[in-house]
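Asks: Sharing a structure, written as structure tokens. Questions coming.
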């Protein structure tokens, strides 16, 4: 019984430690270019939900992100790579119309078209 219990807790620990956290963007703080969960010194890895949706890896935005205005309208949609805008982005004004200066293709945080 003791060996089974030890195995169970070992497996449980491995599963929970490999799964990232999910929280809201407002629960993160940015220090020295990296995002941290409030009151920690470990760069955040996991998913954010709510008005901002996306993933963080070692304190940097990574992959597809979607953000919304307070009124629920889509604000932006695009991709991040190693904490920098990378790939196709589209942005919208609060009324839902296209925000042309914010839409296009980005590489290393710079708009290339």
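Asks: First measure r as the distance between the Cβ atoms of residue 31 and residue 110, then evaluate 1/(1 + (r/R0)^6) with R0 = 22 Å and state the FRET efficiency to the nearest 0.05.
Replies: Details: r = 24 Å, r/R0 = 1.08.
Given R0 = 22 Å and the Cβ-Cβ separation, E is 0.40.
Asks: Could you work out the per residue convex hull volume over the alpha carbons of region 22-111, in cubic angstrom?
Replies: Measuring per residue, one finds 86 Å³ for the Cα hull of region 22-111.
Read-outs throughout are calculated quantities, based only on the coordinates presented, and are distinct from any laboratory measurement. Remember, it's a predicted structure, so these values are computed and weren't measured experimentally. Using ideal geometry, Cβ is built from the backbone for each residue, glycine included, and neighbour counts are taken over all protein chains shown.
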